[in-house]
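The values are calculated or read from the model by the stated rules, or taken from the named source; none is laboratory data. Keep in mind the model is a prediction, meaning the values are calculated, not measured. Neighbour counts run over all protein chains shown; Cβ positions are idealised from the backbone, glycine included. These accessible areas exclude ligands, DNA and RNA; they are computed on the full protein's heavy atoms, side chains included. Shrake-Rupley method; radii C 1.70, N 1.55, O 1.52, S 1.80 Å.
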Amino acid sequence: MATAAQIAANCANAQHSTGPRSPEGNARSSQNNLRYGFRSQSVLLPGDDPAAYQQLLDELTAHFAPAELIAQRFVREMADAEWRLRRVRLHQELLLTARIHLLATDNPTHSPDLLQALAFEALHREIGFSKFLTYEAKFERQYDRAYQGWLRHQQKPAHPHPPCEVPAAGPVRTDEPNPGPKSAGPVPHAIPRGAPCPCGSGEKYKRCCGRQAPALLHGPAAAPAPSPTPAGRTQSAPLPRALRKNLSFLPRTI
């Protein structure tokens, strides 16, 4: 168990290893483990030209002309992905060019195609050159995803379509000679709720313009007419099933 003197000495030593405290020191230490910057939160890294990035953002803004905040967000995401994509391709070009020049000095008789293949193989073996290809595909997907989001936002209507006008249902024809007075009640709707909406939205009528429309009303089912019976005989009620089963062995008489 540590003594009180050891605890006090530990606390005093900890005050000498708290890291940088000034803004300049914090900014410098934040780049300690920076290698490629492909996964950094900041788009601009030390050595990048902010004016070039702003020019890229202005070009994309002028091309897509975002009017709303969400459209501006998609354009900025496209600019960030394009900037990182240009950076990873520049790193590939610089590394391959430097290694090709080094191999050309040692092997002056090799063809340029062979030197490129040897440089690519050497870089892949030494620093894992495939990481650059992985990040290149990643930034391409980020750009395409932002572009597809902007495209869906542009195709979305600014205002929902107005509800369609549903024609009123006409009088119902009947073959009865004297239909008699009709009971007061809601008039059945002319468009079935499960049919496509006539406004052209592609949705069902009950999920579009007919959200508040009542369901189709049907009249009460007519009672079945009694079956005719021979003269002189009365029709009795049917026997229960259990009783019919028990009497099935008796001979049937006329």
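A few remarks follow.
- Accessible-area ranking of MET78, MET1, largest first, probe 1.4 Å: MET1, MET78
- Approximate spin-label separation THR97-THR134, in nm, with each point projected 7 Å along Cα-to-Cβ: 2.7 nm
- Formal net charge of residues neighbouring GLU77 (Cβ-Cβ distance under 14 Å; K, R +1; D, E -1): +3
- Distant-in-sequence amide H partners of ARG193 (H built 1.01 Å from N, under 5 Å): LEU216
- Spacing of the two label points (7 Å from each Cα toward its C-beta) at SER111 and ASP144, in nm: 3.3 nm
- Exposure rank, largest accessible area first [ASP58, ASP48, ASP113; 1.4 Å]: ASP113, ASP58, ASP48
- Rounded to the nearest Hz, the phi-derived 3J(HN,Hα) couplings of the stretch 73-83 under the Karplus curve 6.51 cos²θ - 1.76 cosθ + 1.60 (θ = phi - 60°) are 5, 5, 5, 5, 5, 5, 5, 5, 5, 5, 5, where x marks glycine and proline.
- Backbone HN-Hα couplings from phi across the stretch 47-60 [Karplus 6.51/-1.76/1.60, Hz, Gly and Pro as x]: x, 6, 9, x, 5, 5, 5, 5, 5, 5, 5, 5, 5, 5
- Per-residue Karplus couplings for the stretch 96-110, computed as 6.51 cos²θ - 1.76 cosθ + 1.60 with θ equal to phi - 60°, are listed in order as 5, 5, 5, 6, 5, 5, 5, 6, 5, 5, 7, 10, x, 8, 6 Hz, Gly and Pro entered as x.
- Heavy-atom accessible area order for GLU121, GLU136, largest first, 1.4 Å probe: GLU121, GLU136
- Within the full protein context, the accessible area of LYS206 is estimated at about 80 Å² for a probe radius of 1.4 Å.
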